[in-house]
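Just below is one structure, and these are the notes that go with it.
Every number here is computed from the coordinates shown, using simple stated rules; none is lab data. On a predicted model such as this, the values are computed, not experimentally measured, just so you know. Here the Cβ is made from the backbone with ideal geometry for all residues, glycine too, and neighbour counts use every protein chain on show.
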Amino acid sequence: MQKQDVGDAGLALDKSEPLNVLVADIARWTTDCDEFQTPVPGLTFYRHNKPTEPKPGLAEPSICLIAQGAKRIHLADEIFDYDAHRYLLASVYLPSSYQVISASPEEPYLGLVLKFDMRELSRLMIDSNLPAPRNRAIDRCMSTGEVTLPLLSAFQRIVALIDEPEDIPILAPMLHREILYRLLVGDQGDRLRHIASNGSRSHRVARAIEWLKTHFAQQLRVDELAGIANMSASSFHSHFRAMTSLSPLQYQKHLRLQEARRLMLAEDLDATRAAFQVGYESSSQFSREYSRLFGAPPLRDVINLRQAAVGGEG
């Protein structure tokens, strides 16, 4: 497959057509905004007219596809670059930072994110009778993969549903399922099948990560998380770091700070109230750790974000 996509000029031309359609569609829906939540469940468009500085964020289980431009994701000390030829795949919630590295007013960055649930992948593996993964090692839960013509075609069709809203309830789930299938049989399929396989160590750690995602304000007990994963505390800690590049405590800290930032922006909480709501007992510790992650104290950071939102990206 890789040999054909790289070496066959005819296939490259076939890819250019759906890419051009995606460029036009995403550009059309993001003319006046840099983020557009489409009516298709889980599908969001993004636009940037210039490169950006790295911004901390939380990658969700999703596939990120670029129609035009390029982007870079930092996961601890690892870097993932991707563009119109390679997609980014995140299979669990991962604290990371992201930046657009190729964009201009003439050729803006145009990309999309389609969220998915690992339970959907598990059901699809069973329904499709796909083989168990060959690789049993614990891998990072973030990777890049080759954008194939069948995958690109499926994305083109799911994006086209925005113009046919009455078809979305019926056709969107089918196309979403096709996209997941293309991922499972693609070059990252073995990695994805491993984490979606019930009983695998990756799947069990992912289940604990899902629990931590909704209980991060509670006091962290690694042995409790290890119990959810049905592993010893030392084994769980090792596998958790292998998958996320973070320790459970570091992971929890990122989740708390991201949620506190959201509370201050969206619900107008002050820093002290936001800190206590996400589980901090010390406002000074919260301020120090917030500044370390986001580059500014809470109040200044929120003011900067609001000013940027009002002024746009220019």
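Over the range 169-302, the hull volume per residue, using the convex hull of the C-alpha atoms, is 151 Å³.
Sorted largest first, the spans of the alpha carbon positions of the chain along the three principal axes are 61, 49, 38 Å. Ignoring lysines fewer than eight residues from LYS15 along the same chain, the ones with Cα atoms less than 17 angstrom from its Cα are LYS3. Mean-square fluctuations from a GNM of the chain, with a 10 angstrom spring cutoff on Cα atoms, peak among ASP14, ASP77, ASP223 at ASP77.
Spin-label model, GLN218 to THR272: label points 7 Å out along the Cα-to-beta-carbon direction sit 2.8 nm apart.
Derived from the Cα gyration tensor, the three semi-axes of the equivalent ellipsoid of the range 201-246 are 15, 11, 10 Å, largest first.
Within the straight-line cut-off of under 30 Å between alpha carbons, the lysines reachable from LYS213 are LYS55, LYS71, LYS115, LYS253, sequence neighbours fewer than 8 places apart in one chain being disregarded. Look at the alpha carbon pairs under 8 Å that are at least 6 residues apart: their mean separation over the length of the range 201-246 gives a relative contact order of 42 percent.
Remark: TRP211, TRP29 ranked as TRP211, TRP29, counting other beta-carbon atoms within 10 Å and listing the fewest first. Over all pairs of different C-alpha atoms, the range 251-311 has a mean inverse distance whose reciprocal, the Kirkwood radius, equals 11.4 Å. A Gaussian network model of the chain, with springs between Cα atoms under 10 Å, assigns the largest mean-square fluctuation among ARG182, ARG157, ARG28 to ARG28.
Determine the shape class of the range 29-154: with a ≥ b ≥ c the square roots of the Cα gyration tensor eigenvalues, call it rounded for a/c under 1.5, and otherwise prolate if a/b is greater than b/c, oblate otherwise. Since a/c reaches 1.5 and a/b is larger than b/c, the shape of the range 29-154 is classed as prolate. Short-range pairs are left out: with C-alpha atoms under 8 Å and at least six residues apart, the relative contact order of the chain is 15 percent.
Could you compute the FRET efficiency for ARG292 and ASP167, with r as their C-beta to C-beta distance and R0 at 51 Å, rounded to 0.05?
The pair ARG292/ASP167 has a calculated efficiency of 0.60.
Here the sum of -39500 (n - 2.57) over DSSP H runs of 4 or more residues, divided by the residues of the chain, equals -16000 deg cm²/dmol at 222 nm, to the nearest 500.
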